[in-house]
Amino acid sequence: MDSVHWRQVHNYTDILYHKTTGIAKITINRPHKRNAFRPQTIVEMSQAFEDARNDPTIGVVLLTGAGPHTDGKYAFCAGGDQSIRGEAGYLDEQGVARLNVLDLQRQIRSLPKVVIALVAGYAIGGGHVLHLVCDLTIAAENAIFGQTGPKVGSFDAGFGASYLARIVGQKKAREIWFLCRQYTAQEALAMGLVNAVVPVEALEAEGIRWAQEILSKSPLAIRCLKAAFNADCDGQAGLQELAGNATLLYYLTQESAEGKTAFLEKRPPNFQQFPWRP
Ligand code: S0N
């Protein structure tokens with residue numbers, strides 16, 4: 001693997017945001033809470049993902065959790081911060097209850113770049129759903145996966161249920177939610193929940209290796225494939241995303257440009273020059 005130099009992009013309170021050639025890295029930085037998120041964490045993650053989306057030099061985003069904590073334990077993310085859970089969601093600085101992680105889940109899925117979760121330690125509750133909605137997951141050998149909703153008075157009936165079932169199957173998804181057990185990295189690999197398991201000290205290097213392999217491929221091909229995988233699960237919203245990419249590709253053609261140019265030149269378009277392909 002080429003060694004990389006990470007450049008810090010912005011000073012956030014709850015996350016770290018770094019970039020290197022082709023790759024952005026978002027690190028949830030609340031290890032004292034096992035990287036549980038509060039509304040501010042989600043706002044910052046959303047801003048970083050938006051920045052990565054808008055940066056044409058970035059093709060892959062790594063999502064991970066800071067650690068280990070001072071007690072030696074690792075966490076990717078332990079879900080919503082239960083200490084600030086109010087009656088209608090997680091309270092922000094102004095005391096407004098929010099469930100804004102749902103917006104982030106959609107943002108990650110519709111990001112036209114590849115998002116790889118690097119999971120060391122706990123990926124639990126809403127933190128488990130976060131890795132789930134990433135395109136790929138690389139787990140450290142110490143990773144622990146699970147849902148806690150029915151144990152702690154919450155549930156994710158969106159991607160957390162239906163997309164989980166698409167990945168691991170209906171029976172296993174129901175087991176995960178109904179029993180709230182914890183699963184090892186090897187168990188997660190066996191059920192198709194993660195793509196690879198590596199020693200914790202090799203986790204970031206492995207993520208970079210996968211990212212660099214992806215970066216050598218065609219950006220538009222990867223973009224359309226991601227939209228196609230989403231379209232299979234996301235109904236009209238998924239089709240809209242896939243269709244948007246079809247429009248993007250069409251805009252790039254001379255055939256599409258002829259329609260615009262003819263309009264601006266106040267003449268009839270000459271589409272006869274383009275074939276009706278088989
Ligand atoms: C992760 C666990 C298993 C780790 O256990 P361990 O190693 O024994 O550590 P602890 O001593 O328990 O924790 C260390 C310190 O970290 C704090 N902490 C851990 N998790 C959280 C958390 N989620 N919120 C706040 N604090 C947390 C501990 O309190 C402890 O601090 P100190 O040392 O000060 O006591 C274990 O920690 C665990 O089980 N954690 C709770 C996991 C959990 O239940 N998470 C919430 C699940 N629910 C959600 O995530 C909501 C999902 C969601 O966000 C959502 C979904 C759909 C629709 C809307 C929403 C939405 O709400 O936005």
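Pairing each residue of the range 151-169 that is in contact (Cβ under 8 Å) with a residue 60 or more places away in the chain with any residue that is hydrophobic (A, V, I, L, M, F, W, C) and within 7 Å of the ligand (Cβ to nearest atom), provided the two are 6+ apart or on different chains, yields C-beta distances under 9 Å for Tyr163/Val129.
So, in the range 85-106, how many residues would count as being more than 8 Å from the ligand (Cβ to nearest atom) and either open to solvent by 70 Å² or more (accessible area, probe 1.4 Å) or hydrophobic (A, V, I, L, M, F, W, C) (or both)? Count: 10. Close Cβ contacts (under 8 Å, 6 or more residues apart or on different chains) running from residues in the range 33-51 that are assigned by the TED database to the domain that holds Lys19 and more than 10 Å from Leu104 (Cα to Cα) to residues that are open to solvent by 60 Å² or more (accessible area, probe 1.4 Å) and near the ligand (Cβ under 8 Å from one of its atoms) comprise Lys33/Ser83; Arg34/Lys73; Ala36/Gln82; Pro39/Arg98. Within the range 77-90, residues that are closer than 22 Å to Phe145 by Cα and aliphatic (A, V, I, L, M) have Cβ atoms under 6 Å from residues that are open to solvent by 40 Å² or more (accessible area, probe 1.4 Å) and near the ligand (Cβ under 6 Å from one of its atoms) in these pairs: Ala78/Arg34; Ala78/Tyr122, counting only partners at least 6 apart in sequence or on another chain. The set of residues from the range 10-59 being open to solvent by 50 Å² or more (accessible area, probe 1.4 Å), farther than 22 Å from Asp135 by Cα and in contact with an Asp or Glu (Cβ under 9 Å, 6 or more places away or on another chain) comprises His10, Thr13, Lys33, Arg38, Gln40. If you go through the range 119-139 and keep only what is hydroxyl-bearing (Ser, Thr, Tyr) and within 8 Å of the ligand (Cβ to nearest atom), you end up with just Tyr122.
The values are calculated or read from the model by the stated rules, or taken from the named source; none is laboratory data. As the structure is a prediction and not an experimental result, all values here were calculated from the model. FYI the Cβ positions are ideal-geometry reconstructions off the backbone, even for glycines, and counts take in every protein chain you see. For accessibility, only protein heavy atoms count, side chains too; no ligands or nucleic acids. Shrake-Rupley method; radii C 1.70, N 1.55, O 1.52, S 1.80 Å.
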